[in-house]
Structures are given as structure tokens and as C-alpha cells.
Amino acid sequence: MLSNEAIAAIRKDYTLKEFDETHILPHPIEQFKHWFKEAIDAEVNEPNAMCLATIKHDSKPSSRIVLLKGIDEKGFVFYTNYDSNKGKQLQANAFASLLFFWPELQRQVRIEGEVKKISELESDAYFASRPTESQIGAHASPQSQPIPSRQLLEENYDKFKALFESTPLIRPIHWGGYILEPQNIEFWQGRASRLHDRFLFSKTLTLDWTYTRLAP
């Protein structure tokens with residue numbers, strides 16, 4: 001059995017890269033895009049995987065991994081079932097956070113902001129671009145709801161698969177996209193001796209961005 005001492009002894013010194021004032025791009029979205037491309041070029045495993053944290057009705061946090069599916073000057077886009085736990089939590093409290101961790105580059109990015117639904121046209125366009133199996137799955141799965149067995153999912157899938165052989169496969173109204181419009185974005189680069197580089201971008205009242213270095 002793994003002991004607490006063995007767990008505590010797990011450590012890694014970060015010496016791969018550095019990140020200082022001479023490297024920073026003036027807009028955090030452009031900085032993110034630069035790091036994101038480097039993550040793709042480095043063949044990071046699922047570079048668009050991000051931890052989405054929301055707030056439950058009892059004010060306790062809830063988090064899960066979702067996939068980034070778009071980014072522009074307004075923010076970060078992802079898709080899900082609106083009736084899922086995260087959808088209901090975002091309906092009640094629109095503020096959330098995202099976390100990207102790219103261990104191959106010894107980097108992480110933390111993002112906080114307000115989440116809004118994107119337009120139905122945008123959701124329709126993305127849904128139509130998904131593999132047919134994934135489209136059917138969005139209809140078949142009552143996401144986050146208790147189910148008696150996997151058999152129910154498979155039966156639902158087969159039912160909708162048969163239905164859409166004669167009916168156009170359209171986006172279900174309970175499924176679509178969100179955009180997180182950032183208010184704070186923090187870039188973290190691991191450094192030796194735990195003296196990491198951290199820079200926090202914050203949006204001002206005039207909607208400009210300012211940044212400051214944070215102690216690790």
C-alpha cells in the first residue's frame with residue numbers, strides 16, 4: 001500500500017522554460033493563443049482539456065473536465081447539455097473558472113469570468129460538425145440524471161439512431177454552447193526551486209487589461 005510518506009515524496013523540479021516580462025504579449029487572449037499553439041506543437045495530450053469549476057446551490061464548488069472548442073477576443077467556448085449539473089449550476093450562478101494544465105510544458109493557465117450561452121446559430125453549426133455518433137449521443141444521454149443501467153443508454157442510442165434514419169438529425173434544444181468571458185487570466189510557468197513565474201491579467205473598468213507579477 002502506498003504510504004503518505006511516499007505520496008509526500010513525489011516531487012518534480014521545473015526547469016524546462018521561463019516566463020518573464022520580456023515574453024508577455026499585451027493582451028491575455030493573444031498570450032493564451034500563443035501558449036495554446038505551443039501546447040499543440042509539443043503534442044501535449046488533449047491540449048484543449050480544461051477543468052471547469054462551477055458553484056452548486058449550496059455554495060460548494062463542483063468541477064469536471066470539458067473541452068475547449070473555440071476562442072476569440074470575447075472568450076472561451078465549450079458545449080454541453082444545458083440540463084446537466086453544470087448547466088443548472090451556470091443557470092443559477094453564471095460565474096465560473098477554467099484551468100488548463102500542460103505538464104509537458106510545465107505550464108498552467110487559470111481563467112475566471114462570467115459564462116453566457118452562445119447563439120443558437122453557433123450551436124447549430126458546431127453540432128452539425130460533430131460525428132454522427134456524437135450527435136445521436138447528445139439525444140440519447142440524459143446527462144447527470146440517475147439511470148438504472150448502461151443498457152438504458154444503449155437502448156436510447158439505438159432508438160434515436162433508428163429515428164434519425166428517416167428524420168433530419170438536428171441539435172436537441174437542451175444542448176448547446178457557452179462562452180466564458182474572462183475577467184482574470186493567470187499564466188503560470190513552473191520554475192526551479194518552486195520559484196515559479198506567475199502573471200495575473202485583470203480587466204479594468206474601461207475594459208482594458210493590466211497585468212502584475214505574483215509571488216509563487
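Which order results if Leu163, Leu90, Leu205, Leu200 are arranged by neighbouring Cβ count within 10 Å, fewest first?
Leu205, Leu163, Leu200, Leu90
With N denoting the number of residues in the chain, provide Rg(C-alpha) divided by 2.2 N^0.38 Å, to two decimal places.
1.19
Can you return the lysines within cross-link range of Lys33? Criterion is Cα-Cα under 23 Å, with same-chain partners fewer than 8 residues away left out.
Those lysines meeting the cut-off are Lys17, Lys69, Lys74, Lys116, Lys117, Lys203.
Longest span of the chain, sites excluded, free of trypsin sites (Lys or Arg not before Pro) in DSSP loop with at most 16 other C-beta atoms within 10 Å?
75-216
Return the calculated 222 nm mean residue ellipticity for the chain, to the nearest 500 deg cm²/dmol, obtained by summing -39500 (n - 2.57) across DSSP H runs with n ≥ 4 and dividing by the residue count.
Here the helix-only value at 222 nm equals -8000 deg cm²/dmol.
Rule-based calculations on the coordinates, nothing more; no lab input. Bear in mind that the values here come from a model prediction, so they are computed numbers and not experimental data. Glycine gets a Cβ as well: all are built from the backbone with ideal geometry, and neighbour counts include every protein chain shown.
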